[in-house]
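Comments concern the structure below.
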Amino acid sequence: MTSEFTLFEPQQHYAPYACLAATSRGRLYEEPETVTRSPFQRDRDRIIHSSAFRRLKHKTQVFVYHEGDYYRTRLTHSIEVSQIARSIARVLGLNEEITEALSLVHDFGHTPFGHAGEDALDDLMKPYNGFDHNAQSLRIVTKLERRYGGFDGLNLTWETLEGLAKHNGPLCREGETDHLHVNFLEYNREHDLELHTYASLEAQVAAIADDIAYNNHDIADGLRAELFTVEEICEIPLVAEIVAEVRDTHGEMEERRFDHEIIRRLINRMVNDILAESRERLMALKPETVEDVRRAERRMIAFSPEMKQTDRELKVFLMRNMYRHYKVCRMTSKAKRVVRDLFALYMGEPECLPEKWQERLTDLEEQDRARHIADFIAGMTDRYALLEYRRLFDMTMFEL
């Protein structure tokens, strides 16, 4: 007895402007589709099984990995972004599969030690076209991951790569690409991602979910680390309103439970605000296809002006009370020093690189050598970078 199989199509109702697997522009390298998963599900699974995804476990946002087991890492952050993004996508009738894939891949290009590591590496790479974590994410999934027999990278669909590159909006005006990072330019020559247009609504959802998760979970981590108090963050009107609600509803609560109740209500307010504002924008535009979304003159998934102001206030508060807190600044200074010293050593003495990374340096010009070394450092976890630093600079440690 034989069975007939067709391309897997999930049974779900989508809005007409959703990003659909059936109309995907495909992959750079053609591959037969499977009967068990849609193209976007395969993208998600390739992302989850990649080396870059596993490394997110030991890459931190603000706190270095050894400072505590309860603080967010890039991995837990990405999972939290995915949860928020899928909830928004579901309500708006969008494709949850590609929304999930984009939420899980968006931080692949981050260096060890969060933004401190990126700032240091960008300074070092200024003579060599700079370093940008979004551009590095694209480089990882199109070139640096080496898992498949027929191609470098993960060979993700055009829609997933487009969303990864443009989730924060168009990168340029049409025909004006000279200022773009070299990683975008190199790939775009092979596979035009239309960098002058907006990405799909699913990519826009993943981007704003990242914003929600980042702010709220940094508040949670800052409270846990006692860098600031609930009373201090009540300078933001919406937070003060939510704190009053929680106290009116529950009275006295233990500190951790109280903090969590505030965070979950703040996330819920932001999600509901996005849904209301995005519906208004979609009703005004009346898009009939995803192409209408790409050609729009503004993003469709957004905060209302009032919530955008709250988002700005949260960012200002976190910058002043968390990112510039003296405890964080001390660790930031050390992290930058680690990145600078490793880069200088590898550039001056490339024989100190691991063997497989030395092999790929053969006959490279200085600019390409610097990019290669930046790839190596950017791929490090916090703990690997610290261990490598000890191996190379601690004169009492003579491990290879």
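The values are calculated or read from the model by the stated rules, or taken from the named source; none is laboratory data. Just so it is clear, the model here is predicted, and its values are computed rather than measured. Positions of Cβ are generated from backbone atoms using ideal geometry, with glycine treated the same way; all protein chains shown enter the neighbour counts. What goes into the accessible areas is simple: the full protein's heavy atoms, side chains included, and nothing from ligands, DNA or RNA. Shrake-Rupley method; radii C 1.70, N 1.55, O 1.52, S 1.80 Å.
Applying the criteria of a DSSP loop state and at most 10 other Cβ atoms within 10 Å to the trypsin sites (Lys or Arg not before Pro) of segment 280-358 yields Arg298. Karplus-derived 3J(HN,Hα) values for segment 164-180, using 6.51 cos²θ - 1.76 cosθ + 1.60 with θ = phi - 60°, are 5, 6, 10, 4, 8, x, x, 8, 6, 7, 4, x, 10, 9, 4, 7, 6 Hz; glycine and proline are entered as x. Of the chymotrypsin sites (Phe, Trp or Tyr not before Pro) found in segment 307-400, those in coil by DSSP whose Cβ has at most 14 other Cβ atoms within 10 Å are Phe398. For Lys334, the lysines whose Cα falls under 23 Å of its own Cα, not counting residues fewer than eight places away in the same chain, are Lys57, Lys59, Lys126. Between Ser278, Thr362, Met253, the Cα set farthest toward the positive side of the dipole of segment 245-362 (charges on each charged residue's Cβ, about the Cα centre) is that of Thr362.
Within the same chain, lysines fewer than 8 places from Lys166 are excluded, and of the rest, none has a Cα less than 16 Å from its Cα. A simple spin-label model places pseudo-atoms 7 Å from Cα toward Cβ; at Glu288 and Arg383 they are separated by 5.6 nm. Using only side-chain charges placed at the Cβ, +1 for Lys and Arg and -1 for Asp and Glu, the dipole size of the chain relative to its Cα centre rounds to 440 debye.
With Cα atoms as the point set, segment 120-160 shows a radius of gyration and Dmax of 12.7, 36 Å. Put a dot 7 Å past the Cα of Glu33, heading toward its Cβ, do the same for Asp152, and the two dots end up 2.9 nm apart. Leaving ligands, DNA and RNA out of it, report the carbon-plus-sulfur percent of the accessible area of the chain at a 1.4 Å probe. About 49 percent, which is the carbon plus sulfur part of the accessible surface.
Model label sites at Arg281 and Arg320, defined 7 Å from Cα along the beta-carbon direction, differ in position by 2.8 nm. Both radii are taken from the alpha-carbon atoms of the chain; with Rh as the Kirkwood radius, Rg/Rh is 0.98.
Each residue of segment 359-364 was assigned a 3J(HN,Hα) from its phi angle through the Karplus curve 6.51 cos²θ - 1.76 cosθ + 1.60 (θ = phi - 60°); the sequence is 4, 7, 7, 3, 6, 7 Hz, with glycine and proline shown as x. Across the chain, the mean sequence separation of Cα contacts (distance under 8 Å, 6 or more residues apart), normalised by length, yields a relative contact order of 21 percent.
I'd like the Kirkwood hydrodynamic radius of segment 150-203, using the inverse of the mean 1/r over distinct C-alpha pairs, in Å. Averaging 1/r across every pair of different Cα atoms and inverting gives 11.6 Å. First check a/c for segment 84-144, with a ≥ b ≥ c the square roots of the eigenvalues of its C-alpha gyration tensor; if it is under 1.5, answer rounded, and if not, answer prolate when a/b is larger than b/c or oblate otherwise. Because a/c hits 1.5 or more and a/b exceeds b/c, segment 84-144 counts as prolate.
Each Lys or Arg adds one and each Asp or Glu subtracts one; over the other residues with Cβ under 12 Å from the Cβ of Arg90, this totals -3.
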